[in-house]
Amino acid sequence: MNRLFFCLLIGGVLPLCSQEPPEYAAGFRTVHLVDSSRIYKPGTAEGDRLHYRPLDLDIWYPAPAGASGDAMLFEDLFRLHEQRAIAYQDETDYAGYSDELIMYLAAGFGLEAEEGKRLLKKQTSSFRGAPAASGSFPLIVYMAGYNGMGWESFRLLEQLAEQGFVVVSISSIGAYPGDMTNGLENTMEQVYDAEHAMEYLKRSGEFAVDMSRKGILGLSWGGMSGILLLDRHPDFKAMVSLDGSDTFYYGDTDADDAYLSEIYEAGVLHPEKTRAAFLHMEAGDRIAEFAPTSEYCYYKKIQSPVHYIRLVNARHEDFASLAWVLETSPTEVQVYEEIMTASLRFFQQELTGRSGFEAYYRELLQEADKTDKPLEYVTEVLDSFTISGNITDKNSGEGLAYVNIGLIGKPIGTVSNSQGVFRFELTEANYLDTLRISMVGYESQEFPVSELQANSEPVAIQMKEAISELDEIVLTAREWKRKTLGNNTESKFIGHLFHYSQFGKEMGIRMKVGRQPLLVDNFSFHVSYNRFSGKVYFRLNMYRLDRGKPTENILKENIIIAVESKETGRIGVDLRPYDIVLTEDVLVTLEWIDAEAEVGSTEALAVSLGMLTGGTFERVSKEVEMKKVLKGLGLGYTLEVRY
């Protein structure tokens, strides 16, 4: 995607694009607290620094315009994440985490990873240590997104402070060692942190907060923790949900469904008692990748005034400041400007009595890409059926392991097991599709799904070996030179996942070969994270490239790599027995094909990522196009070669 910035950057300063002229400067201060009513690290003595719950409040507050204070760079906010990752546990060294994470975030937005480094040096509108303005100000409790902090929405929080609100940011930190989960217990930790923060602000009087005028701002999972806080404190007068999980659509993953059901069934939410005015802004892509079976919409259950707006062309990530600050497209930047303005004016209306929101709300709804109509979907469950069979070698009759089975042109596929047996769940929506059976070294076969579905018995499929002429390559006797292709990163912090629900996923990087033929001796990859409870298996693939797109697999037989349960570090395989010669650039991929044990919903494996010009490619099935998903960051794959 071509990325341009909507507002001109002058002198490296992040511009103020809001229509609201600032009344104050945005002061910033961090307050460190310890909640001695909660044990943080179990099994520690009272004198241990992690025995009680640590809590760092990031507070934006109105400061006099032109007041003195340290002008903050974005990295001053962003690096707080690394500092707290180190401070809140004593098991992992997170030094260097910020520098890798910012590159990953930039690449995830379609920018070159190096753009992240430039972002760190951008000046914000926050002034650390600025004196607080005189007066009494409404309070906004910001509930950060999943594992997030205030930096993710810093521009909106600055604007609120500039317009006369005190904003306390509550980071999303679970039980020790601090990792958040979707479970009720960890989510409530953020709620308890918010309560401790409010008690501190009430007791200290340091920021001149008017506790009778309070609102909640929740981003993503912070929407869920936000309504839990709202339920416990009915004196909140307003809440804004930024594509928050207070609205949830069942049917994406069983694990998420279970987590959310745990919360809803725990009796901790009483929407019928809520009296706070509510604004829910929702992305248009919430159900783009799955068919919902039901929903829980908090805003539909409450009796208090509700405003709802769906930004049809917005993505979930557009609701945080990063899409704005990373110099994304004009459309995405404008979307965030609208989100900020709507949030600000809503809080002004509900907490200060200032008019303007209703007119702006009606103005937004006049635009073609905005609507107050909630997402609609069909909850009818389609009839499903199973196609099963056994795939064998036509000559030997032996079962063929790890044959690819997929619907042509669709991200739906599987592989046969080690004996050649497969089972494939489809629905009536797939009745007119075509199933392709393919494997390196064999001729592909195609079958109409309608014909296979008509068979009540498992189908028997015989595959014929493919006969191909190999190009003759002459390697003359000489003293061999050796080199390494690819990316030798061994990052501990950032990686790309093979997730429990992504069986059959394939991901890889381009290997630049040069002009001389290369004989391949070894392939390796670096695993930074592995929660698989049993051994998992991957297939190595090497594809020719045509105009940058992968075509045929140059390997003529399966090369299977086993990874033990919990195994991390660099894992290699000797390729000398396969006589692989490279004469042109190839896309080298790993494809997840098997698991020894049943895979649980929290299991995953991460391959380390590092700087690499060519980026990272992936696809979820053999029958869909391989796409570049990360620019400037490549998987930790290497080929040891000689020439």
Using R₀ = 56 Å, calculate the FRET efficiency as 1/(1 + (r/R₀)^6) where r is the Cβ-Cβ separation of residue 354 and residue 545; round to 0.05. 0.45
Taking the Cβ of residue 489 as the centre, find all other residues whose Cβ is under 11 Å away and add up their charges (Lys, Arg: +1; Asp, Glu: -1). 0
How many percent of the alpha carbon pairs in region 502-643 exceed a separation of 26 Å? 21
When the expected Rg is taken as 2.2 N^0.38 Å, what fraction or multiple of it is the alpha-carbon Rg of region 526-578? 1.40
Listed pairs 373/622; 492/535; 410/492 exceeding 28 Å between Cα atoms: 373/622; 410/492
Two pseudo-spin positions, 7 Å from Cα along C-beta at residue 83 and at residue 643, lie apart in nanometres by 4.8
Candidates per trypsin sites (Lys or Arg not before Pro) in region 73-149, loop by DSSP, up to 14 other Cβ within 10 Å: 121
At 1.306 mPa s and 10 °C, plugging the Kirkwood radius over alpha-carbon pairs of region 147-246 into Stokes-Einstein gives what diffusion coefficient in µm²/s? 114
Charge tally in the Cβ shell below 11 Å around residue 280, where Lys, Arg are +1 and Asp, Glu are -1, residue 280 excluded: -2
From the P(r) of the chain, could you give the percentage of C-alpha pairs in the tail past 31 Å? 58
For residue 35, enumerate residues with amide H under 5 Å from its amide H, sequence gap 5+ or separate chain, H modeled in the peptide plane. 53, 55
Pseudo-spin-label distance residue 629 to residue 289, built 7 Å along Cα→Cβ, given in nm, is 0.8
Give the residue list of trypsin sites (Lys or Arg not before Pro) in region 554-590 that are DSSP loop and have at most 16 other beta-carbon atoms within 10 angstrom. 556, 566
Quick one: net charge around residue 238, please, counting Lys, Arg +1 and Asp, Glu -1 for every other residue with C-beta under 12 Å from its C-beta. +3
Based on the Kirkwood radius over alpha-carbon pairs, what value in µm²/s does the Stokes-Einstein equation return for the translational diffusion coefficient of region 166-220 at 20 °C and 1.002 mPa s? 173
Quick check: from the Cα gyration tensor, does region 259-393 come out rounded (a/c under 1.5), prolate or oblate? oblate
Scan region 470-570 for chymotrypsin sites (Phe, Trp or Tyr not before Pro) in coil per DSSP, keeping those whose Cβ has at most 14 other Cβ atoms within 10 Å, and list them by number. 480
Classify region 487-555 as rounded, prolate or oblate, taking a ≥ b ≥ c as the square roots of the eigenvalues of its Cα gyration tensor: rounded when a/c is under 1.5, otherwise prolate if a/b is larger than b/c and oblate if not. prolate
Point-charge dipole on Cβ atoms (K/R +1, D/E -1) for region 276-333, about Cα centre, debye to 20: 360
Could you give P(r) for region 545-607, binned at 10 Å from zero, as whole percent values over all Cα-Cα pairs? 13, 42, 31, 13, 0
Calculate the radius of gyration of the Cα atoms of region 326-398 to one decimal place, then report Dmax, the largest Cα-Cα distance, as a whole number, both in Å. 26.0, 82
Leaving out ligands, DNA and RNA but keeping every protein chain, what accessible area does residue 425 have, in Å² rounded to the nearest 10, with a 1.4 Å probe? 110
Spin-label point model (7 Å from Cα, Cβ direction): what's the residue 408 to residue 122 distance in nm? 4.6
Ordering of 333-345, 171-183 by packing [mean C-beta count within 10 Å, highest first]: 333-345, 171-183
Note to self, the chain gives a 222 nm [θ] from helices alone (DSSP H runs n ≥ 4, -39500 (n - 2.57) apiece, / all residues, nearest 500) of -5500 deg cm²/dmol
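The values are calculated or read from the model by the stated rules, or taken from the named source; none is laboratory data. Since the model is a prediction, treat every value here as computed from it, not as a measurement. Cβ coordinates were reconstructed from backbone atoms using ideal geometry, including for glycine residues, and neighbour counts include every protein chain displayed. Ligands, DNA and RNA are excluded from the accessible area calculation, which covers all protein heavy atoms including side chains. Shrake-Rupley method; radii C 1.70, N 1.55, O 1.52, S 1.80 Å.
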